[in-house]
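The values are calculated or read from the model by the stated rules, or taken from the named source; none is laboratory data. Nothing here was measured: the structure is a model prediction, and the numbers come from that model. A quick note on method: Cβ atoms are made from the backbone with ideal geometry, for glycine too, and the neighbour counts reach across all protein chains shown.
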Amino acid sequence: MSPAHTTYEEDHVSLRLLLADDHPLIREGLRSSLANLGFTVVAEAEDGKRAVDLALEHRPDVVVMDIGMPELDGIEATRRILRQRPTAKVLVLTNHDDDAMRDAAQQAGALAYVAKTAATTEIADAVRALARGETMLVKREPVAPAGYRPARFDRYFGDNLPPDPVLTKREGEVLQLFANGRSTVEVAKTLGISQKTVKNHLTSIYQKLNVRDRTEAVLLAVRMGLIKLERRLAPRG
């Protein structure tokens, strides 16, 4: 093992994280990619109230907090966590490119404000910075036009994308519906096509984006500006 590798492992392997986001695909993707980088996800929350409870129960090194969540938004959840545990470190992860929202997050006590479009390595760097007692703000990059291929991708997705991974209109519709939490049956019904056709579209999408599964496809398409994540509504009681 090289000295550089040893330093890398010691820098983050013991860090324990709480992920709070109402999108299951976002949580799944973050969990997988951050685990690949050596972090430990000790708990996950699908709403702000649950995030507060889990942060106090598990006392993670860093809380990765979405802003737009049901029950409590990420700003208020951050405020409540820090009110009861002032030493907690919160990284806000969001789609909102808004100075007022950034200021609100900082006033609530968040130490970093990172865009969901950021590469996993950038999120990881921010987590490590917070764990070291630093603050780190990552500005949101402009939304990429359709067909744009960023110069680099994080290690979770790899660097082997074809030069022009443009999805057809129908493929974009299929992937958008999956991003919104629809099942294969629901996608087929919504678009008036068979489930087999839906699966064929997915196969084509995977090949074009050079990904292994639906989660990777959705997360990469969001980062490339091909689709958007919609806020999930809390179920009615």
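Spot the failing condition for LEU91; the list is (1) in contact with a Leu (Cβ under 7 Å, 6 or more places away or on another chain); (2) not in a strand (DSSP E or B), and only one is missed.
Condition (2) is where LEU91 drops out.
Please determine, by comparing only the residues of the range 44-69 that are in contact with a helix residue (DSSP H, G or I) (Cβ under 8 Å, 6 or more places away or on another chain) and of a type in the set (D, E, K, R), which one is farthest from PRO86 (Cα to Cα).
That would be GLU46.
Out of all the residues in the range 94-109, is one or more crowded, with 22+ Cβ neighbours inside 10 Å and assigned to a loop (DSSP other than H, G, I, E, B)?
Within the range 94-109, none of the residues are crowded, with 22+ Cβ neighbours inside 10 Å and assigned to a loop (DSSP other than H, G, I, E, B).
Looking at (1) part of a loop (DSSP other than H, G, I, E, B); (2) under 22 Å from VAL218 (Cβ atoms), which is the only condition LEU72 fails?
Exception for LEU72: condition (2).
Which residues, counting only those in the range 63-97, are under 18 Å from the mean Cα position of the chain (by Cα) and acidic (Asp, Glu)?
ASP66, ASP73, ASP97
Is there any pair linking a residue in the range 21-37 that is in the same structural domain as ILE67 (by TED's automatic domain parsing) to one that is part of a helix (DSSP H, G or I) and among the basic types (Lys, Arg), with Cβ under 6 Å and at least six apart or on different chains, and which?
Between residues of the range 21-37 that are in the same structural domain as ILE67 (by TED's automatic domain parsing) and residues that are part of a helix (DSSP H, G or I) and among the basic types (Lys, Arg), the close pairs are ASP21/ARG27.
Can you give me the number of residues within the range 198-228 that are in contact (Cβ under 8 Å) with a residue 24 or more places away in the chain and assigned to a helix (DSSP H, G or I)? Steps first, answer last, please.
Applying the first criterion (in contact (Cβ under 8 Å) with a residue 24 or more places away in the chain) to the range 198-228 yields 198, 201-202, 204-205, 208-211, 214-228.
Filter again for assigned to a helix (DSSP H, G or I), leaving 198, 201-202, 204-205, 208-209, 214-223.
Final tally of qualifying residues: 17.
So, of the residues in the range 56-86 that are farther than 14 Å from LEU111 by Cβ and of a type in the set (Gly, Ala, Ser), which turns out to be modelled with the lowest pLDDT?
GLY68
Yes or no: GLN176 at pLDDT 85 or above and under 17 Å from LEU229 (Cα atoms)? Don't jump to the end; show me each part of the working.
Numbers: at pLDDT 85 or above: yes; under 17 Å from LEU229 (Cα atoms): yes.
Spelling it out, GLN176 is indeed at pLDDT 85 or above and under 17 Å from LEU229 (Cα atoms).
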